[in-house]
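Chemist: Dumping the structure here so I can ask a few things about it.
The values are calculated or read from the model by the stated rules, or taken from the named source; none is laboratory data. Every value quoted in this text rests on a predicted model; they were computed, and no experiment measured them. Cβ: placed from backbone, ideal geometry, glycine included. Neighbour counts: every protein chain shown.
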There are 2 protein chains.
Amino acid sequence: MIDINTILSGNRLALSRLLTQIENDTPEGRAALNDLFPHTGNAHLIGVTGAPGTGKSSLVNRLAYFYRHSLQGQEAKRVAVVAVDPSSPFTGGAVLGDRVRMKDLAGDAGVFIRSMASRGSLGGLATATAGMVQAFDAAGFEIILIETVGAGQAEVDIARLAHTTLVVEAPGLGDDIQAIKAGILEIADILVINKADRPGVENTERALKGMLNLAHPVQRVFQHHGQFMDVEPAVLTESAPMWLPPIQKTVATEGSGITELGSEIERHRLHLQSSGDWERRERARLETELHQLLQSTLVSRWQAGVSENQYQQVFKQLADRQISPRQAVKELLNGGFPK
Amino acid sequence: MIDINTILSGNRLALSRLLTQIENDTPEGRAALNDLFPHTGNAHLIGVTGAPGTGKSSLVNRLAYFYRHSLQGQEAKRVAVVAVDPSSPFTGGAVLGDRVRMKDLAGDAGVFIRSMASRGSLGGLATATAGMVQAFDAAGFEIILIETVGAGQAEVDIARLAHTTLVVEAPGLGDDIQAIKAGILEIADILVINKADRPGVENTERALKGMLNLAHPVQRVFQHHGQFMDVEPAVLTESAPMWLPPIQKTVATEGSGITELGSEIERHRLHLQSSGDWERRERARLETELHQLLQSTLVSRWQAGVSENQYQQVFKQLADRQISPRQAVKELLNGGFPK
């Protein structure tokens, strides 16, 4: 058993152990998260996503440093970084990332960095990320940076965890029609053009502005709900206050633009809180997490109730194309559904 | 009801209607897929994935054209294209892609192109893609190109649908450490450097060769299984014959390198069939599809059995942080689980 008081009091070693338990989805980790949950809800969750090659890790490094050393007239904030790599199911890419990023911030007890590569299922990864964020939140980290690699649905799902989502672009990537297809712009609360000292930055900025005009931020609230069940249909008819995502240029390797980016993040937090969106996003986030857990629990329960023998028989019929996948599901559920 | 004979006999309008039914997951679409399933298993499924900006759509166009007009001493093959855009849950990016790609191939009855943007859940998208591929397969399309945008877990999952996966890169993207994190290299059967007339192509090729030496293709077989249940544990101990992914340079806009790419695809097909990997991938694919369908069916059944009132009560406790997400799942499942 993990003593949750050690986590609440900020014991680093205990937290580190808990994170491993969460990543491995152990009963101890689950029990601790249950106990810690009432102590969560205080952190500002900031998602950072974008295509490979945009310099997200450096940017996250710089932001962490900013919250530690550059806040004007405020106490330094405790910063956690969860780096999620859903696109690397095979090798430990995230571990390599760790080494690169650690230099600036090593030895600072107010910073905690944790990387996680995909472990099989995407649902498992999202659940583990949510759990880690909760652990950091309960442990008193005020800023939690969630960094994801890539630009797919996985990143959209993980961005749903955040209050504020930064989408990072870089000059020279995505100036053609394919970039429009990437479509993650529409999850952006703040657009960052990193590597802004590179040629082509004006084109990138122009392209992003053009795309912003096409996007409809209001839809975001609609998308957040309606995922699973309409918890609060009233929210859907209420018109959401507008937030036009600003574009912020940075050169993370040199640290330029970071203070301005920090101000935009703070401005977004104030907007969320005054508009009621903070609360709405919290609810949407919890709903998503609830749905994912429901799904995986339903599958585990079913697995516990079906015999391997029966599964193999049905799968053989499927592999021989005697029955379709949907017919196989029907046979498996009617036979093997737990009482 | 859809008369499946119209599909089997190649009626284009009937196929088009069926594809819409599949995309909308209607009872008619499901019933037709059940009936068509015994007629599937003949097509060569070719996945094409890679980051935005690499020119995948042009490449897919050219490949379709190749199978129609450039096969040496063979009859032209019927070609279907399923363009999947999992990263665009909000706007119809895929529709735009359609217009760009249609020019070359319009009016050819041996080519069928269908785009699909994400409709909510990722699982739904994968299921719809699998269904469309089955419909094309049953309708006698011998080559099915499955194009996905992006480089995340979604693409890995969709690549699992294919017998042969092409990963497309382009010079100037991904020469830094982030590219290694993308990690989709390891799902590549064939690496394509498109836009190979651009500066930096030697660097890209060198980087890819270096990464290929790090990747272990043997793991792929292991990853394909072990996703859900070990159907054939014997497969895991059997050593897989080696396939070293070749690197093929192309300039899709000019059509250069396409014939050579076609030869590599054919060489891979022969390798799969002689090594037994074709059969193994078929099984892995069916297993993945079965798992996804099981999951969504379990959730629907549970939803049908729980009252909205009960759901709302539990969700309120969760939103107030009185209970954790996992405790909420427990309450919902113990109360609302269908008999």
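Chemist: Go through the range B:39-57 residue by residue and tally those that are at pLDDT 90 or above and not in a strand (DSSP E or B).
Modeler: First, the residues of the range B:39-57 that are at pLDDT 90 or above: B:39-48.
Subsequent filtering for residues that are not in a strand (DSSP E or B) retains B:39-43.
Adding up the residues that qualify gives 5.
Chemist: How many residues are of a type outside the set (A, V, I, L, M, F, W, C), assigned to a loop (DSSP other than H, G, I, E, B) and out of contact with any strand residue (DSSP E or B) (no Cβ under 9 Å at 6 or more places or on another chain) if we restrict to the range A:58-84?
Modeler: 5
Chemist: Shifting gears a bit: If I go through the range B:237-282 residue by residue, how many of them are surrounded by 18 or more Cβ atoms within 10 Å (Cβ to Cβ), in a helix (DSSP H, G or I), of a type in the set (Lys, Arg) and free of Cβ contacts under 8 Å to residues at least 60 places away in the same chain?
Modeler: 1
Chemist: Follow-up question, since we're still on this one. Return yes or no: is residue B:14 at pLDDT 90 or above and within 14 Å of chain A (Cβ to nearest Cβ)?
Modeler: no
Chemist: Please go through the range B:161-186 and pick out each residue that is closer than 26 Å to residue B:276 by Cα, at pLDDT below 80 and among the β-branched types (Val, Ile, Thr).
Modeler: Correct list: B:184 only.
Chemist: Return yes or no: is residue B:285 modelled with pLDDT of 90 or more, of a type outside the set (A, V, I, L, M), assigned to a helix (DSSP H, G or I) and surrounded by 16 or more Cβ atoms within 10 Å (Cβ to Cβ)?
Modeler: Criteria not met by residue B:285.
Chemist: Restricting to the range B:46-70, name every residue that is farther than 17 Å from residue B:192 by Cα and touching a residue at least 40 places away in the same chain (Cβ under 8 Å).
Modeler: B:65, B:67, B:68, B:70
Chemist: Pull out all pairs, ordered by first then second residue, where Cβ-Cβ is under 8 Å, the residues are six or more apart or on different chains, the first lies in the range A:18-42 and is on the phi > 0 side of the Ramachandran plot, and the second is assigned to a helix (DSSP H, G or I) and modelled with pLDDT of 95 or more.
Modeler: Close Cβ pairs satisfying both conditions: A:41/A:137.
Chemist: Related question: Can you work out which of the residues in the range A:23-35 that are more than 8 Å from every other protein chain (Cβ to nearest Cβ) and either under 15 Å from residue A:133 (Cβ atoms) or under 20 Å from the mean Cα position of the chain (by Cα) (or both) is surrounded by the fewest Cβ atoms within 10 Å (Cβ to Cβ)?
Modeler: Within the range A:23-35, the match that is surrounded by the fewest Cβ atoms within 10 Å (Cβ to Cβ) is A:24.
Chemist: Within the bounds of the range A:315-323, is there any residue that is within 10 Å of chain B (Cβ to nearest Cβ), surrounded by fewer than 15 Cβ atoms within 10 Å (Cβ to Cβ) and of a type outside the set (D, E, K, R)?
Modeler: Taking every residue of the range A:315-323 in turn, at least one turns out to be within 10 Å of chain B (Cβ to nearest Cβ), surrounded by fewer than 15 Cβ atoms within 10 Å (Cβ to Cβ) and of a type outside the set (D, E, K, R).
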